[in-house]
1. Condition first: touching a residue at least 40 places away in the same chain (Cβ under 8 Å) and either touching a helix residue (DSSP H, G or I) at 6+ places or on another chain (Cβ under 9 Å) or β-branched (Val, Ile, Thr) (or both). Now tell me which residues in the range 104-114 satisfy that.
2. Return the total of residues in the range 158-200 being among the charged types (D, E, K, R), assigned to a loop (DSSP other than H, G, I, E, B) and touching a strand residue (DSSP E or B) at 6+ places or on another chain (Cβ under 9 Å).
3. From the list LEU138, LEU82, LEU129, which residue is over 26 Å from TRP219 (Cβ atoms) and surrounded by fewer than 20 Cβ atoms within 10 Å (Cβ to Cβ)?
4. Six or more apart or on different chains, Cβ under 9 Å: which pairs go from a residue in the range 193-209 that's without any contact (Cβ under 8 Å) to a residue 24 or more places away in the chain to one that's among the aliphatic types (A, V, I, L, M)? Could you list them?
5. Please determine, by comparing only the residues of the range 1-38 that are open to solvent by less than 10 Å² (accessible area, probe 1.4 Å) and touching a Lys or Arg at 6+ places or on another chain (Cβ under 6 Å), which one is nearest to ASN70 (Cα to Cα).
6. Determine which single condition ASP189 fails, assuming it passes every other condition in (1) of a type in the set (D, E, K, R); (2) within 22 Å of GLU104 (Cα to Cα); (3) in contact with an Asp or Glu (Cβ under 8 Å, 6 or more places away or on another chain).
7. Inspect all residues belonging to the range 60-83 and state whether any of them is in contact with a helix residue (DSSP H, G or I) (Cβ under 6 Å, 6 or more places away or on another chain) and of a type in the set (Lys, Arg).
8. Can you tell me how many residues within the range 107-128 are polar (S, T, N, Q) and either within 18 Å of SER209 (Cβ to Cβ) or at pLDDT 95 or above (or both)?
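The values are calculated or read from the model by the stated rules, or taken from the named source; none is laboratory data. Quantities reported herein were computed from a predicted structural model and do not represent experimental measurements. Here Cβ is always computed from backbone atoms with ideal geometry, including for glycine, and neighbour counts include all displayed protein chains. Remember, those area values only see protein heavy atoms, side chains included, never the ligands or the DNA or RNA. Shrake-Rupley method; radii C 1.70, N 1.55, O 1.52, S 1.80 Å.
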Amino acid sequence: MTDRELTLVVPCFNEAARLDGVAFLDALQSRPWLRLCFVDDGSTDDTAGTLAALQHQAPDRVSIVTLPRNAGKGEAVRRGLLVACDRTPYCGFWDADLAAPLREVETLFDVFTREPGVEWVWAIRLRSLGRSVTRGALRHYAGRIFATAASAVVGVAVYDTQCGAKLFRSSALLNAVISEPFSSRWIFDVEMLSRATAMMRDSARPIESIVYEQPLREWHHVRGSKVRAIDAVHAFAGLLLIRSQRQKWLARRVVS
């Protein structure tokens with residue numbers, strides 16, 4: 001193992017019909033430092049067979065974690081990160097639909113070299129000239145409202161908490177944050193930040209120096225999302241639950 005190896009967790013629930021195996025294998029071929037850990041989140045289609053075929057093509061660099069029943073994206077990511085943290089100095093997770101193309105992994109990974117103090121690099125979908133980010137207006141503005149609410153709950157300003165492309169140093173902080181299941185199936189990203197902010201409250205390093213938001217050059221909405229309209233209601237309710245649990249995480253300290 002070298003000090004520049006990354007294990008990327010890919011949560012999968014009924015992804016047999018749309019998982020782009022060729023894109024994942026191409027990413028492995030062109031990036032010798034990359035490993036993939038797919039988490040089958042209790043799929044009821046042939047996701048297991050699709051993942052087994054991928055692993056057969058690259059057995060040394062593709063691993064599979066199988067959950068016996070659907071536990072939600074948050075738990076699938078958490079279980080995958082627990083495995084990934086033990087394998088490589090860097091880890092992360094990436095949405096299986098590849099709304100963020102895998103070439104964007106370098107966009108995030110390079111931040112660790114430019115910013116040695118950074119431990120978490122979170123992709124954000126910033127619509128601006130020179131970037132190819134396509135997102136429906138309703139989703140965009142709903143996202144802005146949610147990010148504002150999440151910032152108020154966590155206590156730090158964040159632009160985009162829900163983009164499914166995030167990388168981490170495999171550190172004591174990350175291990176502490178993922179040590180227990182999340183309370184939310186979908187806004188676990190906010191919960192991760194809330195836990196980290198609480199645990200780092202008395203640290204000499206502010207959380208803003210540890211978490212870095214990196215704009216993607218390319219992101220495109222992919223049809224077939226598992227997110228439903230009612231999930232927006234659940235997301236805002238989840239913010240209240242995360243806020244209520246903050247005291248528990250304030251009692252924990254992580255030196256970083």
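1. Hits for the range 104-114 are VAL105, THR107, VAL111.
2. Qualifying residue count for the region: 1.
3. Working: LEU138 fails: over 26 Å from TRP219 (Cβ atoms); LEU129 fails: over 26 Å from TRP219 (Cβ atoms).
Matching residue, one of LEU138, LEU82, LEU129: LEU82.
4. That search, which allows pairs on different chains as well, returns PRO206/VAL156; PRO206/MET200.
5. THR7
6. Just one mismatch for ASP189, condition (3).
7. From the range 60-83, those in contact with a helix residue (DSSP H, G or I) (Cβ under 6 Å, 6 or more places away or on another chain) are 61-62, 64-65, 74; that's our starting set.
Still in the list and also of a type in the set (Lys, Arg): 61.
Yes, the conditions are met somewhere in the range 60-83.
8. Residues that pass the stated criteria total 2.
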